[in-house]
Amino acid sequence: MTIAPVDFASLLCSRLCHDLLSPVGALNNGLELLADETDPDMRARCLELLGESARASANKLKFFRLAFGAAGGFGDAVDAREAKAAIEGLFGGDGRIEINWLVEEATLSKTAIKVLLNIVLIAGDALVRGGRLDIGVEVVGGRTEIAVRSEGPRLVLDPELRTALTGETADDALTPRAAAAWLVHRLAVDSGGAAIVSPADAGFLLFGATLGGA
């Protein structure tokens, strides 16, 4: 599959805007309510909601900066704790999803960070009723092995995400929702590796990626 860089950038921007629309919209609505509210208790509640929306917006931006952006301010290697903090900010705040961090590497390449975060994004979104994410990375002999397991009461992985991860999506069929999955596939293949996902009938979701020389 080939897709023009500008077209893929547009898909990623659409995904980013979609995910930020809810918390930013809540900020706007909260400010409008606060402007008209005179009851002290209601004003306090509005301020609380504004704080929650601001934190959600900031957490999403921090995550997508690493997952989609150039990770400005970092060198070729990124502190793995930055990835952990981004994941916990996006998925660990409300207690619905337990994060089991099994990464011993102190730093990871930018490519590995992007692949890891985008896999976690897909794996976390699949836990529609909450659950657990087991996240592991191992670097051996210049190759990076990434594994993320989703386990919960209800797992949903759209077929378009599965086909994008495995590189089976047609050029004209890629959507903003599947852009992160295609990015994982493309980065893995370009590094000399591959991305995989467990069969649909496995009862759990296991995502993996091998990066050659990453």
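The values are calculated or read from the model by the stated rules, or taken from the named source; none is laboratory data. Owing to the predicted nature of the structure, the values given are computational and were not obtained by experimental measurement. Every residue, glycine as well, gets a Cβ built from its backbone with ideal geometry; the counts of neighbours run over all protein chains shown. Heavy atoms of the whole protein, side chains included, go into the accessibility calculation; ligands, DNA and RNA do not. Shrake-Rupley method; radii C 1.70, N 1.55, O 1.52, S 1.80 Å.
Under the condition of being in a helix (DSSP H, G or I) and either touching a Phe, Trp or Tyr at 6+ places or on another chain (Cβ under 7 Å) or of a type in the set (S, T, N, Q) (or both), the residues counted in segment 123-148 number 2. Among the residues making up segment 138-150, none is among the acidic types (Asp, Glu) and surrounded by 18 or more Cβ atoms within 10 Å (Cβ to Cβ). Any residue at all in segment 29-41 that is open to solvent by less than 80 Å² (accessible area, probe 1.4 Å) and under 15 Å from the mean Cα position of the chain (by Cα)? No, every residue in segment 29-41 fails to be open to solvent by less than 80 Å² (accessible area, probe 1.4 Å) and under 15 Å from the mean Cα position of the chain (by Cα).
Of all residues in segment 42-71, those satisfying the criterion of being free of Cβ contacts under 8 Å to residues at least 40 places away in the same chain, buried (at least 17 other Cβ atoms within 10 Å of the Cβ) and small (Gly, Ala, Ser) are SER53, ALA56, SER57. Within segment 192-213, if we keep just the residues that are part of a loop (DSSP other than H, G, I, E, B) and open to solvent by 30 Å² or more (accessible area, probe 1.4 Å), the residue that is farthest from LEU161 (Cα to Cα) turns out to be GLY213. The residue that is least open to solvent (accessible area, probe 1.4 Å), counting only those in segment 158-191 that are among the hydroxyl-bearing types (Ser, Thr, Tyr) and touching a strand residue (DSSP E or B) at 6+ places or on another chain (Cβ under 9 Å), is SER191. Every test in (1) at pLDDT 85 or above; (2) open to solvent by 80 Å² or more (accessible area, probe 1.4 Å); (3) under 30 Å from ALA170 (Cα atoms); (4) more than 14 Å from the chain's Cα centre (by Cα) is passed by LEU11 save one, and that test is (2).
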